[in-house]
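Enquirer: Before I ask anything, let me first share the structure, which is written out below as structure tokens.
Read-outs throughout are calculated quantities, based only on the coordinates presented, and are distinct from any laboratory measurement. Quantities reported herein were computed from a predicted structural model and do not represent experimental measurements. Cβ: placed from backbone, ideal geometry, glycine included. Neighbour counts: every protein chain shown.
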Amino acid sequence: MTLALESRADGVVLKVRAAPGASRERVIGEHGDALKIAVQAPPEKGKANERIAAVLAQALGIGTRDVELVSGATARDKRFLVRRLAPDELRKRLARCGEPPSDPR
């Protein structure tokens, strides 16, 4: 992945491109140096931002408390702080989002 990640003392800042009002919620993949995330919520009163944080947290396998919007509250291009993960681990977990589920046999 060629995502632009910014390491900080309290976590990693990830650029996100929002796609509100989608038919289903999911991590779509890379969009330039950002991660594109689709959510069903409309871009009203922070609803889409809350859902983006939840979808991102679920994709990374962390709690929603560990994902915080740091900029872009009213824009499509946003920056989220992800706590508890190093940049390499964050990339690894995001790479798994696009993989098919493993065979349970």
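Enquirer: Could you pull out every one of the lysines with an alpha carbon less than 19 Å from that of Lys45, ignoring same-chain neighbours closer than 8 positions?
Expert: Lys45 reaches Lys78.
Enquirer: Provide Ser7, Ser23 in ascending order of the number of other Cβ atoms located within 10 Å of each residue's Cβ, fewest first.
Expert: Ordered by Cβ neighbours within 10 Å, fewest first: Ser23, Ser7.
Enquirer: Sort Thr64, Thr74 so that the residue with the fewest other Cβ atoms within 10 Å of its own Cβ comes first and the one with the most comes last.
Expert: In increasing order of surrounding Cβ atoms, one gets Thr74, Thr64.
Enquirer: Still on this structure, I have one more. Taking the Cα centre of the chain as origin, sum charge times position over the Cβ atoms of Lys and Arg (+1) and Asp and Glu (-1), and report the length of that vector in debye to the nearest 20.
Expert: Roughly 180 debye for the chain.
Enquirer: Can you give the FRET efficiency to the nearest 0.05 for Asp88 and Gln58, using r as the Cβ-Cβ distance and R₀ = 25 Å? Provide the component values of the computation, followed by the final result.
Expert: Details: r = 20 Å, r/R0 = 0.81.
Plugging the Cβ-Cβ distance into 1/(1 + (r/R0)^6) gives 0.80.
Enquirer: Expressed as a fraction of 2.2 N^0.38 Å, the rule-of-thumb size for a compact globular protein of N residues, what is the C-alpha radius of gyration of the chain?
Expert: On the way: Rg = 13.1 Å, N = 105, 2.2 N^0.38 = 12.9 Å.
So the chain has a normalised radius of gyration of 1.02.
Enquirer: Rank the residues Val16, Val55 as a footprinting-exposure proxy: fewest other Cβ atoms within 10 Å of their Cβ go first. Spell out each step's value before the answer.
Expert: Working: Val16 25, Val55 21.
Ordered by Cβ neighbours within 10 Å, fewest first: Val55, Val16.
Enquirer: Using a simple spin-label model with points 7 Å from Cα along the Cα→Cβ vector, what separation in nm is obtained for Glu50 and Asp10?
Expert: Computed distance between label sites Glu50 and Asp10 equals 2.1 nm.
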